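Encoded as structure tokens, the structure appears first; notes follow it.
The values are calculated or read from the model by the stated rules, or taken from the named source; none is laboratory data. Quick caveat, the model's predicted, so the values are computed rather than measured. In this analysis, Cβ positions are derived from the backbone assuming ideal geometry, glycine residues included, and neighbour counts consider all displayed protein chains. The protein model used for the area step is the full one, side chains on, heavy atoms only, and it has no ligands, DNA or RNA in it. Shrake-Rupley method; radii C 1.70, N 1.55, O 1.52, S 1.80 Å.
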Amino acid sequence: MSDTPISRAANATPANVARKIKGLSDRAIAWIFVGPTIFLLLAVNIFPLIWTINLSFTNFRANRLNREVEYVGFRNYERILTDSDIWLNMQATAHFLFWTIFFQVVIGFTLAYLINKKFKGNDLWTTIIVLPMMLSPAVVGNFWKFLYQPQIGLFNYIITFFTGKEPSSFEMLGSVDLAPWSIVIVDTWMWTPFVMLICLAGLRSIPDYIYEAAEVDRASKLRQFFTITIPMILPFLMLAILFRGIENFKMFDLVVQLTGGGPGSTTELTSINLKREAFEKWRTGYASAYAIILFVTVFGLASIYVKALNKVKER
Amino acid sequence: MSSFSVTEPTKRSKWFAGTLVITYALITMIPLAWIMLTGFKSPSDAISYPPKVFFEPTLEGYVNLFTTRTRQTDEFLAANPPENWYEEIVRQYDMVIAGPSKFGERFLNSVIIGFGSTFLSIFLGTLAAYAFSRFKIPLADDLLFFILSTRMMPPIAVAIPIFLMYRQLGLSDTHLGMILLYTAVNISLAVWLLKGFIDEIPREYEEAALIDGYTRFQAFYKVVLPQAATGIASTAIFCLIFAWNEYAFAVLLTSGTAQTAPPFIPTIIGVGGLDWPAVAAGATIFLLPVMIFTVALRKHLLRGITFGAVRK
């Protein structure tokens with residue numbers, strides 16, 4: 001990027017001469033400036049990751065430090081990949097990912113499209129819509145649990161008010177069928193604004209003259225929407241999906257507070273399951289292998305996805 | 001360009017768009033409004049059905065949030081009349097205030113860890129972003145991607161070794177440990193956001209300063225920093241909000257001394273289950289600063305979220 005002949009020429013201004021005379025060289029400053037960040041990330045992210053990989057080949061248990069640690073090869077990985085319960089958790093996670101992203105993209109894009117019409121006071125209402133995503137997911141999850149209470153909750157009351165169903169006839173958090181949807185609703189409430197903001201940024205980046213040219217060509221509004229708006233905003237939508245996908249794959253706090261993984265294990269997403277293995281059953285080695293599998297999955301999917309995203313961008 | 005523009009929406013479509021957006025905004029506000037309302041209810045009003053929109057407001061939830069209470073004998077209560085309004089609220093249940101609750105402490109932890117890690121991430125992040133923006137760093141793009149990729153890891157995946165590592169280093173359940181951890185999580189965001197802001201400051205400013213005899217350091221803090229101030233401020237808010245809201249690490253790696261408010265609020269127990277008005281009061285106090293920040297910074301939100309990639 002900065003290696004074009006023009007920028008090289010720009011760097012050869014007299015400023016460079018002045019730089020060499022006074023103070024440290026640029027290279028030294030660069031390392032002093034970047035060094036601490038890299039060091040911190042190595043210490044708190046990469047070192048633990050390598051440690052996790054190492055642990056994943058052992059039968060180590062963090063609550064029994066005196067026990068001798070044995071290397072068990074790929075046994076942990078084998079057990080996880082052949083465990084049908086874990087595949088159920090993966091399915092629950094995939095279900096959750098699919099529906100949250102679906103609703104957030106549909107509602108988020110619609111809102112962004114409407115806000116882009118620049119009606120009066122849209123700034124204020126946008127700020128109000130954005131509020132939920134700035135809040136603590138754990139506190140939000142805890143409070144939605146209150147709203148979902150079958151006997152006293154506001155949510156059930158409102159549904160009853162509109163449908164006439166008995167409020168105690170449906171338990172959002174207690175029913176096997178409804179519990180997964182209770183998380184989808186809260187996550188959509190919380191994170192639709194994020195998708196909306198990215199879409200809004202995308203819509204605002206489309207230059208007016210493209211529409212003006214289309215108007216001259218007498219393209220209908222509908223046609224303009226499908227041939228200009230959608231293709232131009234696609235990279236932004238894909239970016240939003242990437243961010244939401246990564247975040248929701250890691251989703252922990254909201255679900256822990258809301259359902260705790262229950263009823264049964266219907267809302268036990270992989271990260272909740274992982275927490276249970278690591279910090280309740282203390283099967284550290286096993287949980288480490290699980291963590292690595294999840295990380296590789298996210299990283300792999302994200303890399304493939306980013307490649308596709310770049311292709312869309314290049315068009 | 002003429003005053004007539006084809007891209008300007010018609011009046012009717014504006015009105016239609018406005019109505020839909022406002023409807024959505026109002027619906028989206030209901031849960032939040034309900035949290036705040038519940039904080040002012042008495043425990044019995046909070047769990048009445050149908051839910052009460054109109055009720056007699058009380059500060060009971062807030063008193064319960066900040067205090068611990070014990071039951072007292074009738075003789076004691078008769079001999080020691082209540083001295084202030086909060087004693088009076090507690091007296092209706094034949095109780096006296098025994099002392100402060102843990103909420104104040106936990107809230108203070110949130111403040112210390114939130115601001116500590118924000119300061120550190122901004123300090124380190126600004127330096128790194130400046131270096132990435134201005135100097136030729138070998139493999140800069142790869143390094144930047146590496147920095148971003150650290151955000152993809154599920155917190156629980158690294159929590160196990162960090163748990164073990166912190167125990168060895170004596171950092172578990174300490175403010176410093178949590179500050180370092182949140183800094184590491186936030187720094188990727190800080191570097192990416194700040195690089196975008198610094199990229200936009202023309203290099204000519206510094207070059208002029210260098211010609212005037214400033215050193216690189218002087219040019220950096222006398223010329224670049226003031227220019228980047230708004231960008232730094234809005235990045236700081238994003239870092240603060242993350243550290244403020246974080247739950248997974250807090251619940252896994254702290255047990256008391258350094259525990260922040262998010263793991264604590266959902267555990268406020270009253271008579272027979274959760275004390276919902278107190279929980280709501282705690283949530284309100286905890287959410288309020290973030291809400292104020294959001295309103296104050298609404299202009300910067302868009303750029304922050306899109307990594308400054310889009311200019312209006």
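Remarks
- Mean-position separation - Cα centroids, the range B:156-214 and the range A:256-276, in angstrom: 32 Å
- Reachable aspartates and glutamates, given that their alpha-carbon falls under 14 Å from the alpha-carbon of B:LYS41 and they are not under 8 places away in the same chain: B:GLU56, B:GLU60, B:ASP275
- Take A:GLU78: with every protein chain present and a 1.4 Å probe, its accessible area is about 120 Å².
- Accessible surface for B:ARG167 stands near 100 Å², nearest 10, in the context of the full protein assembly shown (1.4 Å probe).
- Average beta-carbon neighbours from other chains, 10 Å sphere, peptide B:209-215: 5
- Each of A:LYS250, B:LYS222, A:LYS145 has its accessible area taken with a 1.4 Å probe; listed largest first, they run B:LYS222, A:LYS145, A:LYS250.
- When each of A:LYS117/B:LYS222; A:LYS221/A:LYS313; B:LYS136/B:LYS222; A:LYS118/A:LYS313; A:LYS311/B:LYS136 is checked by Cα-Cα distance, pairs over 32 Å: A:LYS117/B:LYS222
- Under 19 Å from the B:LYS299 label point (7 Å along Cα→beta-carbon), backbone N, the range B:219-251: B:226-238
- Under 16 Å of direct C-alpha separation, and excluding same-chain neighbours fewer than eight residues apart, A:LYS307 reaches these aspartates and glutamates: B:ASP141, B:ASP142.
- Relative to the longest principal axis of the Cα atoms of chain B, helix B:103-134 runs at roughly 0 degrees.
- Ordered by solvent-accessible area of protein heavy atoms (1.4 Å probe), largest first, the residues B:ARG91, A:ARG276 come out as A:ARG276, B:ARG91.
- Each of B:LYS52, A:LYS221, B:LYS14 has its accessible area taken with a 1.4 Å probe; listed largest first, they run A:LYS221, B:LYS52, B:LYS14.
- Partner aspartates and glutamates for B:LYS11 [C-alpha distance under 19 Å; skip if fewer than 8 residues away on the same chain]: A:ASP123, A:ASP208, A:GLU212, A:GLU215
- When the Cα gyration tensor is reduced to axis lengths a ≥ b ≥ c, the ratio a/c is 1.5 or higher for the range A:246-291, and with a/b not above b/c it is classed as oblate.
- On the beta carbon distance between A:ALA308 and A:THR227, with R0 = 25 Å, the FRET formula returns roughly 0.75.
- Partner chain coverage, peptide B:216-224 - average Cβ within 10 angstrom: 3
- Full-extension gain in nm, B:PHE76 to B:THR19, via 0.36 nm per residue minus C-alpha separation: 14.5 nm
- 27 Å Cα-Cα threshold exceeded, pairs from A:LYS120/B:LYS195; A:LYS250/B:LYS299; A:LYS165/B:LYS52; A:LYS145/A:LYS165; B:LYS14/B:LYS299: A:LYS120/B:LYS195; A:LYS250/B:LYS299
- Counting, for every residue in B:61-69, the Cβ atoms of other protein chains within 10 Å of its Cβ and taking the mean gives 0.
- Accessible surface of B:ASP142, taken over heavy atoms with a 1.4 Å probe and every protein chain present, rounds to 100 Å².
- Ranked by the mean number of other Cβ atoms within 10 Å per residue, highest first, peptides A:196-207, B:273-284 order as B:273-284, A:196-207.
- Highest average packing first - B:111-123, A:157-169, Cβ atoms within 10 Å: B:111-123, A:157-169
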